[in-house]
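First up is the structure itself, then whatever we jot down about it.
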Amino acid sequence: MLSAEVKSKYELVIGLEVHAQLLTKSKMYTSDSTEFGNLPNTHISVITLGHPGTLPKVNRKAVEFAIKMGLACDSTITRRNIFARKNYFYPDLPKGYQITQDKNPICVGGNVPITLSDGTKREVALTRIHMEEDAGKSMHLAGEVDTLVDFNRAGVPLIEIVSEPDMRSSEEAYVFLSEVKKLVKYLDICDGNMEEGSLRCDANVSARLWGAEEYGKKVEVKNMNSFRNVARAIEHEFERQILLIESGEEIISETRTFDAATGLTASMRTKEDLNDYRYFPEPDLSPVIVSEEWLSSIQGAMPSLPRELHHKFVNEYGLPEYDAGVLTDSKEIALYFEELCTLTRNYKAASNLMMGPVKSYLNELTLHISDFPIGPKRLAELIQLIDDGKVNFSVATQKVYPEMLIHAEKTPLAIAQELNLIQDSDEGSLIPIVESVLAENVVKVAEYKSGKKGLMAMFMGQVMKKSQGKADPKVATKILMELLDN
Amino acid sequence: MKIDVNTLKKIAHLARLEFDEAGAEKMTQDMSQILDWVEQLNEVDTQGVEPITTMSSEVNVLREDAVANHLTHEQGLKNAPQRDSDYFRVPKVME
């Protein structure tokens, strides 16, 4: 076992490679469909199958999607793009090479900002983002003598987002991945589903003594199908490497696969042997030149990004960081909230409504905000009702709001009136209620007057009960104070 | 440029080709000669010349993102050396 003391001598170094399947209708270099979940080998063409004499042709939208991701990450966009062949033999790769980018990826550099659970903010540096195509799917079924191959996925466009070895904890890796997922979903270029494989992550992990200048030998870990498993695999790999180093053994630069059931990694193959991909420029594709005009039209069509909305919610709406984080977690929630804030000025109440009753309703029924029955306008009216002192926050959320979910057409005011919930702020009608409460609690009143000020809450409770929850708390408190303190 | 037997073996492995060991000496000589011949290109002054990657001078030959041009399932599987009703079958590969 690895002691905490030994572990603390080492620094963990992580770089991630994230593959994102692009949401185009057709493949990267051919026009067969990218649709998921169809019968095997039904979305195929002579190009996908690598028949002789066929020529690939680049999907314009896939290029635009890659550029969008680069702009969102502050990368430099490469103006003259060529493609490269990466040569290797595997049955799910009919051509015997993958068309990818080698020396001049479409996006160079850039970063992804992350915020850790202790509030630390930093930017994770990217090396590059490049375009490539997915491979087919091989199945090795137990009891089957052959491997079965389905080429529906072969040629589906991917971008590969490669970070620098710039992360130092599994939490950083986890948050980085969450941010990448958020970005591709905001940009609408990938559905971000890790379980279904539309977002995939390989982790390069190494360990070195604190203060060492050189990185340790890195090991690439594959096969993690959730963010949590990426974090688990990294933790395990870090400890495995430290144990090896401590016992004087050498780390082998290799690819290892993660087993979610055991939480362990196992060797797949050693890199030195097979990793000779013999990249060379793809002669079948002409260069893709990104003109100033094309770039600015893509720039002009960029949606708001999570970091921009976060900044706006904190700086313009004056919301706490926490609120801004929750509200920008999904693009749709953020856009709903943004619209809501054009209709009310009580941003904090709007945020409380979104994070409380709205989110819990959506979570409970596993609904998407697009299925939410109440529009921003009605929700703004509910906030207005609170601001006008007609109902208090708890009546608004517990009585009026549930009715609004059922009767989306009714205004919150109409509902509050129907249910007889309009708050009473009239001193004339509240004074007799307060007086009768005090008359019924003579002993407590005496205790209050002798210093038990905490009884105020009890009196308030009684007033609310007698008024059936309709007493305006501010007015009732004022009357209570006046009557008790005199 | 001199090719040795180890390089020859590596190239054969990468191309998944087998060769008769008896002919190895002859093959290394042939390959060395081919490389020597190609190396004459190094004599040309290419200072300031952009490398070309395709024989066409066209750029931005792009497709719009539309689905078309499928092979049917049957057509696709037709030439497979081994197949079943759904899949291409290949000798078992395990990593």
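Nothing in this text is a laboratory measurement; each read-out follows from the coordinates by a stated rule. Small disclaimer: the values here were computed from a predicted structure and weren't measured. Glycine gets a Cβ as well: all are built from the backbone with ideal geometry, and neighbour counts include every protein chain shown.
For this structure, a couple of remarks:
- Helices assigned as whole DSSP H runs in chain A whose Cα atoms extend at least 24 Å along their own long axis and whose mean Kyte-Doolittle hydropathy is -1.0 or higher are found at A:170-187, A:227-246.
- Between A:Tyr277 and A:Gln468, the contour length at 0.36 nm per residue exceeds the Cα-Cα span by 61.1 nm.
- Here the simple spin-label model places points 7 Å from the Cα toward Cβ, and for B:Val38 and B:Thr7 these points are separated by 1.1 nm.
- Value of relative contact order over region A:4-293, rounded to a whole percent, pairs C-alpha under 8 Å and six or more apart: 24 percent
- Calculated on the alpha-carbon coordinates, the convex hull of the protein assembly as shown measures out at 259 cubic angstrom per residue.
- Computed from the C-beta positions of A:Ser370 and A:Ala446, the FRET efficiency with R₀ = 45 Å rounds to 0.15.
- Pairs from the list A:Lys444/A:Lys474; A:Lys185/B:Lys78; A:Lys86/B:Lys92 with a Cα-Cα gap above 29 Å: A:Lys185/B:Lys78.
- Taken one residue at a time, the phi angles of region A:280-287 give Karplus couplings (6.51, -1.76, 1.60, θ = phi - 60°) of 8, x, 6, x, 7, 10, 7, x Hz. Gly and Pro are set to x.
- Straightening the chain between A:Leu484 and A:Tyr361 buys 40.1 nm, computed as 0.36 nm per residue apart minus the Cα-Cα spacing.
- GluC sites (Glu not before Pro) within region B:6-84, DSSP loop, no more than 16 other Cβ atoms inside 10 Å: B:Glu18, B:Glu58, B:Glu64
- Taking label positions 7 Å along the Cα-Cβ direction at both B:Asn79 and A:Tyr88, the computed distance is 2.6 nm, reported to one decimal.
- When the square roots of the Cα gyration tensor eigenvalues are ordered a ≥ b ≥ c, the ratio a/c for region A:286-388 is 1.5 or more and a/b exceeds b/c, which makes its shape prolate.
- Qualifying chymotrypsin sites (Phe, Trp or Tyr not before Pro) in region A:187-229, where qualification requires a DSSP coil assignment and no more than 16 other C-beta atoms within 10 Å, comprise A:Trp210, A:Tyr215.
- The mean of 1/r over all distinct Cα pairs in region A:4-293, once inverted, gives the Kirkwood hydrodynamic radius of 20.1 Å.
- What separates the Cα centres of region A:138-196 and region A:1-60 is a distance of 7 Å.
- Each Cα pair under 8 Å and six or more residues apart adds its separation to the average, and for chain B the resulting relative contact order is 20 percent.
- In Å, descending, principal axis extents of the Cα set of region A:199-339: 59, 49, 35
- Unit charges on C-beta of K, R, D, E only; dipole of chain A, Debye: 560 debye
- Close amide H pairs (under 5 Å, H built 1.01 Å from N) link A:Thr147 with B:Val90, B:Lys92, B:Val93, residues at least 5 positions away or on another chain.
- Residue-averaged beta-carbon neighbours from other chains (10 angstrom radius) around A:282-288: 5
- Taken along its principal axes, the alpha carbon cloud of region A:427-485 reaches lengths of 29, 18, 17 Å, longest axis first.
- Here the gap between A:Met302 and A:Val314, fully extended at 0.36 nm per residue and compared with their Cα-Cα distance, gives a gain of 2.2 nm.
- Spatially proximal aspartates and glutamates relative to A:Lys68 (Cα-Cα < 12 Å; intrachain offsets below 8 disregarded): A:Asp188
- Working note: Cα atoms of region A:27-184, range along each principal axis, descending, whole Å: 52, 44, 26.
- Based on alpha carbons, the Rg and Dmax found for region A:191-270 are 13.4, 45 Å.
- Using the alpha carbons alone, the radius of gyration of region A:307-357 stands to its Kirkwood radius in an Rg to Rh ratio of 0.89.
- Sites listed here are GluC sites (Glu not before Pro) in region A:188-265 whose DSSP assignment is loop and whose Cβ has at most 11 other Cβ atoms within 10 Å: A:Glu195, A:Glu213, A:Glu214, A:Glu249, A:Glu250.
- FRET efficiency, 1/(1 + (r/R0)^6) with R0 35 Å, evaluated for A:Ser247 and A:Asn193 via beta carbons: 0.30
- Dividing the summed helix terms, -39500 (n - 2.57) for each DSSP H run of n ≥ 4, by the number of residues in chain A produces a 222 nm estimate of -11000 deg cm²/dmol to the nearest 500.
- Against the compact-protein benchmark of 2.2 N^0.38 Å, the Cα-based radius of gyration of region B:18-82 scales to 2.09.
- Given charges at Cβ of Lys, Arg, Asp, Glu: chain A dipole, positive-most of A:Tyr279, A:Ser297, A:Ile99: A:Ser297
- Rg/Rh for region A:75-116, where both radii come from Cα atoms and Rh is the Kirkwood radius: 1.19
- On the basis of the beta-carbon distance and an R0 of 41 Å, A:His51 and A:Glu214 show a calculated FRET efficiency of 0.30.
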